[in-house]
Amino acid sequence: LFFSRLLAHTPTGGFVQALYLDANQPMLLVAALCLAAPLFEELLFRGFFQSVLLRWGCPAWLSISAASFTWTILHSQYGLVDLSLLFCTGLIMGFLRYRSGSLWPALAMHTGINLTALIHAIMSLEYT
């Protein structure tokens, strides 16, 4: 149910559409949204912040929740419903990072979500 809601309501809120419409180089936008942003955010929030909290002795649930909350704040351009979905997504990505010991699963999920949001934004423009 969560993922069907996430895919049916990709958190664009017009933000990703505006990025696409303003992009002089659409392929650079794809690289930024689907490669650079997920890599930077996952390295910062789950690779660094979550890991530091765990090393300091914070319980896993608190480390994952804190990293997810701060990651969600970064996306404040979205509405409340989108932010709650992003927070839940952050929890899942944090859990993936924690259980696997690797950033790759969270990075793959983040990249997939951003790519889905971009495709959704472009397709919405095509049919409006």
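The values are calculated or read from the model by the stated rules, or taken from the named source; none is laboratory data. Since we're looking at a predicted model, the values are computed, not measured. Backbone-built Cβ (ideal geometry, glycine too); neighbour counts: all protein chains shown. Side chains are part of the model used for accessible areas, which takes the heavy atoms of the whole protein and leaves out ligands, DNA and RNA. Shrake-Rupley method; radii C 1.70, N 1.55, O 1.52, S 1.80 Å.
May I ask you to list the residues in the range 54-63 that are open to solvent by 20 Å² or more (accessible area, probe 1.4 Å) and in contact (Cβ under 8 Å) with a residue 12 or more places away in the chain? Matches in the range 54-63: LEU54, ALA60. Taken together, the residues in the range 82-128 that are over 21 Å from SER63 (Cα atoms) and outside any helix (DSSP H, G or I) amount to 2. For the condition in contact (Cβ under 8 Å) with a residue 24 or more places away in the chain and under 30 Å from ALA23 (Cα atoms), THR72 does not qualify. Only residues in the range 100-117 that are closer than 15 Å to ALA67 by Cβ count as the first member; pair them with residues that are small (Gly, Ala, Ser) and buried (at least 17 other Cβ atoms within 10 Å of the Cβ), Cβ under 7 angstrom, at least 6 apart or cross-chain, and list the lot. Qualifying pairs under 7 Å: LEU103/GLY47. None of ALA32, ALA36 is surrounded by 14 or more Cβ atoms within 10 Å (Cβ to Cβ), within 17 Å of LEU19 (Cα to Cα) and free of Cβ contacts under 8 Å to residues at least 12 places away in the same chain except ALA32.
Listed by first and then second residue, the pairs with beta-carbon distance under 6 Å, at least 6 apart or on different chains, first residue in the range 40-52 and among the aromatic types (Phe, Trp, Tyr), second modelled with pLDDT of 95 or more, are PHE45/ALA67; PHE45/TRP71; PHE49/ALA67. Taken over the range 78-109, the criterion of being of a type in the set (A, V, I, L, M, F, W, C) and within 17 Å of VAL16 (Cβ to Cβ) is satisfied by VAL81, LEU83, LEU85, LEU86.
Taking the range 31-74 and the helices (runs of 4 or more DSSP H) fully enclosed by it, the elements with 1 or more residues that are β-branched (Val, Ile, Thr) and within 11 Å of the chain's Cα centre (by Cα) are at 60-74. Can GLN25 be described as touching a residue at least 24 places away in the same chain (Cβ under 8 Å), out of contact with any Pro (no Cβ under 6 Å at 6 or more places or on another chain) and open to solvent by 70 Å² or more (accessible area, probe 1.4 Å)? No, not satisfied.
How about the range 64-84: which of its residues are of a type in the set (Ser, Thr, Tyr), open to solvent by less than 40 Å² (accessible area, probe 1.4 Å) and at pLDDT below 95? Matches in the range 64-84: TYR78 only.
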